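The values are calculated or read from the model by the stated rules, or taken from the named source; none is laboratory data. Quantities reported herein were computed from a predicted structural model and do not represent experimental measurements. Here the Cβ positions follow ideal geometry from the backbone for every residue, glycine too, while neighbour counts run over all protein chains shown.
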Amino acid sequence: MKASLKKSKEPSTAFIIIDIEKKDYEQKVEDVLKSYQKSINIPGFRKGFVPKSIIKKKYEIPTIADEVNKLIQEELNLFIKKEGLEIIGGPILNEKGKIDWSDDKLSFEFELGLAPDFKVDFKTKKKIDFYKISADKKIIDDQILNYRKQYGKLISQSAIKEDFEISVSFKSDQLGIDSSGIIKLSDIKSKDACQKISVLKLGEKTSVNIENFFKDNTKAENIFKFPTEKIKTFSGEVELEIKEINQRDLAEMNQEFFDKIFGKDKIKSISEMKQKMSKEIEKDLEKQSEQKLFNDVTEFLIKEIKFELPQKFLKKWMRTTNKEKIELNQIDEEYKKSEKGIRYRLIQEKIIKDQNFSISNDEIKNYIKEMIALQSKQYGQVSPQGMELDNIVQRLMSNQDEISRISNQLMTKKTLDFFKEKAPLRSKKVTFDEFLKKAYAKA
């Protein structure tokens, strides 16, 4: 087997020629056919005694094709790595008629899209705004109100009013629903259902149309214990019964209240609580500001860094690899939708390569431990330690999808830190409402 590189008339593409001889795959094909002969079931023959000629006639060509394809993929990957070729998309086989798999010599030609050469720098007078979001009085007061509701006492009521917590059950044999949960009138999307429920007393029942009952999909999932896709198929009447009606009295802002939120004796007064909340809120809001910064720097780099893409190749590659067939008259539009993403991926890969960014197992483990501690705190639970923590980390480390997700997040964090250090930033202090107007302003 031999692989060679052939130049293209276009500077942004090239060709890899792979020549394969019969000796490269015949032993492997022979081994596969022998295993078939031992295990295959064909009517009229005992298992393990099917004549070799029948096996060969039926399975030889498909087996050759399968083994040759494996060799091609191996050789392509090795050759691209050995030659240091930086490619866009993936190799495309140039089909030259029907392949005769019985030939002693086979030749395959693959077209490659070559990644452009460019530099990532921030040598510009343009400035990118980095928003520092301050926690204003309104956002702090809203947070305090939420805590007072959360830790307030429940007072039983006989009639329903706005903002009361209503414990209800839903039943329908036809839809397989038998669930219960706590709702408020404000959770309900249907005006008709809301009106029906608002006049009910404790223990009373009514029928409601389940279709689009809740405003929020997450609320529906939590109540019905079905995924959103399943819930969207629900249609018809279900029985709803009022089990409890409660008014949540606001908690007093005393030492017991402070201890529940921040820990025993950590906060002694309302002013201390507000200062602490202000810092915590601003830390949380910083994540939103950083996400906007990341998006803005990304847009900046895409506009500022100029390089040519192998458009003709990429359009061909998109048509070849897309699961849903793209017609010729649609390809230009599809390419326009994808071009910005392609350009950013190339820029990100260049940054990662130039800065020697990598993600170690220890970084992934530490990230998992931090997330476990954070989630435990959010739910008011004691964070696992020692062997229990190690077992959770080990379980997550064995999940490749989870590892990939965490690695991507860590790489995004390293890229963000690079942006903060190198990009021409201008710090701007804003309130949360001002930030929202900036972040979601129409272009």
**Request:** Inspect all residues belonging to segment 3-24 and state whether any of them is free of Cβ contacts under 8 Å to residues at least 60 places away in the same chain, of a type in the set (S, T, N, Q) and within 18 Å of Asp103 (Cα to Cα).
**Result:** no
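Okay, residues lined up against (1) without any contact (Cβ under 8 Å) to a residue 12 or more places away in the chain; (2) hydrophobic (A, V, I, L, M, F, W, C):
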{"position": "Gln330", "(1), (2)": "yes, no"}
{"position": "Lys336", "(1), (2)": "yes, no"}
{"position": "Ile342", "(1), (2)": "no, yes"}
{"position": "Lys353", "(1), (2)": "yes, no"}
{"position": "Glu363", "(1), (2)": "no, no"}
{"position": "Val382", "(1), (2)": "yes, yes"}
{"position": "Gln385", "(1), (2)": "yes, no"}
{"position": "Glu388", "(1), (2)": "yes, no"}
**Asked** If you go through segment 352-373, how many residues are surrounded by fewer than 11 Cβ atoms within 10 Å (Cβ to Cβ) and closer than 12 Å to Pro384 by Cα?
**Response** 1
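Just to be sure, is Tyr367 assigned by TED's automatic domain parsing to the domain that holds Phe307 and under 19 Å from the mean Cα position of the chain (by Cα)? Lay out the reasoning, then the answer.
On the way: assigned by TED's automatic domain parsing to the domain that holds Phe307: yes; under 19 Å from the mean Cα position of the chain (by Cα): yes.
Criteria met by Tyr367.
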**Request:** Restrict the check to segment 114-136 and report whether at least one residue is farther than 30 Å from Thr431 by Cα and acidic (Asp, Glu).
**Result:** yes
**Prompt:** more than 24 Å from Gln247 (Cβ to Cβ), under 39 Å from the mean Cα position of the chain (by Cα) and among the hydrophobic types (A, V, I, L, M, F, W, C): does that describe Phe224?
**Reply:** yes
**Asked** When segment 20-51 is examined, which residues are found to be over 16 Å from Lys70 (Cβ atoms) and among the aromatic types (Phe, Trp, Tyr)?
**Response** Tyr36, Phe45, Phe49
**Prompt:** Of all the strands (runs of 3 or more DSSP E) wholly in segment 68-153, which have at least 3 residues that are within 30 Å of Met273 (Cβ to Cβ)?
**Reply:** 128-134
**Asked** polar (S, T, N, Q), closer than 30 Å to Lys34 by Cβ and exposed (fewer than 15 other Cβ atoms within 10 Å of the Cβ): does that describe Ser107?
**Response** yes
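How many residues are among the acidic types (Asp, Glu) and free of Cβ contacts under 8 Å to residues at least 12 places away in the same chain when one looks only at segment 67-102?
3
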**Cβ pairs under 8 Å, 6+ apart, first in segment 203-217 and touching a residue at least 40 places away in the same chain (Cβ under 8 Å), second among the aromatic types (Phe, Trp, Tyr)** = Ile210/Phe170; Ile210/Phe234
**Item:** Residues satisfying the stated conditions in segment 314-331, i.e. surrounded by 11 or more Cβ atoms within 10 Å (Cβ to Cβ), closer than 22 Å to Glu10 by Cα and not hydroxyl-bearing (Ser, Thr, Tyr)
**Value:** Leu314, Lys315, Lys316, Trp317, Met318, Arg319, Ile331
**Fill in**
A careful count of residues in segment 40-67 that are within 18 Å of Leu106 (Cα to Cα) and part of a loop (DSSP other than H, G, I, E, B) gives 0
**Item:** Which numbered condition Ala423 fails, given (1) touching a Phe, Trp or Tyr at 6+ places or on another chain (Cβ under 9 Å); (2) surrounded by fewer than 15 Cβ atoms within 10 Å (Cβ to Cβ)
**Value:** (2)
**Request:** All but one of (1) surrounded by 12 or more Cβ atoms within 10 Å (Cβ to Cβ); (2) at pLDDT below 95; (3) of a type in the set (Lys, Arg) hold for Lys153, so report the exception by its number.
**Result:** (1)
**Message:** I'm checking my understanding of the structure. Among residues of segment 374-409 that are modelled with pLDDT of 90 or more and of a type in the set (Gly, Ala, Ser), which one is surrounded by the most Cβ atoms within 10 Å (Cβ to Cβ)?
**Reply:** Ser407
